[in-house]
Amino acid sequence: SERHWEDDFRLLEAVLRQWEPNSRSRQMAHDRCRRLWKEAGWTWPSELGTLRGNGKAAANPDGVRAFTDEELAELRARINRSQKLTPADLVAWDCVICFGLRPAELKGLVLQADDGLPLAQVNWLKKSSKGSSSSRTVPAVPPKGWPADCFDVVLRWKQHGLPAGMVAARSPGDVLTQQLRRLRAQTPEKMDIDQELTAYSCRHAFALRLAQRLGLHVREAAELMGHSPQVHLNAYGRRLDQPKLLARVRQRLDESRD
């Protein structure tokens with residue numbers, strides 16, 4: 001209602017992209033919209049079928065949307081001044097940020113320090129039709145400007161633990177999403193928190209730090225994140241390859257001028 005849409009396809013595409021690609025909620029939204037269109041006697045754009053359950057077709061052309069270091073600093077500042085979130089909630093967010101965890105991997109998580117470097121022992125196993133993950137040890141890779149010990153995250157984990165309700169929930173990610181929704185309502189210190197960002201965007205930011213700051217090989221980064229190199233490339237290839245591609249094009253152009 002806030003703008004004029006050129007055609008039904010563009011309108012419906014924008015609507016469907018509000019849900020996660022390849023998710024059940026996306027499929028339900030697609031089917032309900034199609035049913036509404038048919039009841040109204042309108043022509044349903046057949047090309048929308050790829051958006052129903054095909055994650056690649058629905059992916060953002062610019063790649064995954066990850067928190068920047070500045071946005072993570074803003075997020076942590078809001079958590080610190082929140083009157084509803086506890087020190088245990090802050091530990092949970094710091095773990096997701098610094099170890100690149102899936103929210104579900106907060107279940108059974110064990111932290112320890114190795115010569116001052118925080119390590120996370122991930123014991124939650126992910127099972128899917130594509131295979132299953134095994135337990136792994138992940139070193140902390142904090143955002144730029146954070147201390148190496150991630151604000152004494154190991155000590156705070158021993159003191160406060162993780163939120164019992166969050167860990168016991170069927171989906172810890174849903175709990176984090178609800179918290180993020182409330183944090184967005186706070187008056188920002190420096191910037192707003194983009195509506196596209198989710199708790200999972202902290203994991204995306206971790207993956208980009210592994211490549212862009214540490215320069216890890218895809219295989220090495222994938223092992224730390226608990227998935228295959230192919231999954232890693234599918235998820236982060238656009239963000240990792242585009243800068244290299246642009247630099248290569250500029251180099252070739254400079255050479256051609258010479």
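The values are calculated or read from the model by the stated rules, or taken from the named source; none is laboratory data. Note that this is a predicted model, so its numbers are computed, not measured. Neighbour counts run over all protein chains shown; Cβ positions are idealised from the backbone, glycine included. Remember, those area values only see protein heavy atoms, side chains included, never the ligands or the DNA or RNA. Shrake-Rupley method; radii C 1.70, N 1.55, O 1.52, S 1.80 Å.
Values as computed for the structure displayed
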quantity	calculated
Region 146-213: projected area of the alpha-carbon convex hull, averaged over directions, in nm²	6.3
Positive-pole candidate from W37, A120, W5, dipole of region 1-122, charges at beta carbon	W37
Lys, Arg +1 and Asp, Glu -1 on Cβ, resulting dipole of the chain about Cα centre, debye, nearest 20	680
For the chain: span of alpha carbons on each principal axis (Å, largest first)	65, 60, 42
Heavy atoms of L253: accessible area, 1.4 Å probe, square angstrom to 10	80
Farthest positive-ward along the chain dipole, Cα basis, beta-carbon charges - from S23, L72, V218	S23
Region 166-243: trypsin sites (Lys or Arg not before Pro) in DSSP loop, at most 15 other beta carbons within 10 Å	R170, K190, R213
The chain: angle of helix 24-39 to the longest principal axis, Cα-based, in degrees nearest 10	20
Cα-based Lys proximity count in the chain, under 25 Å, for pairs eight or more positions apart or on separate chains	14
Accessible surface, per residue, of the chain when the full set of protein chains is kept, probe 1.4 Å, Å²	59
Within the accessible area of the chain (1.4 Å probe), percent carbon and sulfur	50
Mean separation of Cα contacts under 8 Å, 6 or more apart, over the residue count of the chain: relative contact order %	20
Angle in degrees between helix 229-257 and the longest Cα principal axis of the chain, rounded to the nearest 10	80
Inter-probe distance in nm under a simple model that places probes 7 Å from Cα toward Cβ, at K190 and E47	4.1
Nearest-ten-degree value, helix 69-81 long axis tilted from longest Cα axis of the chain	70
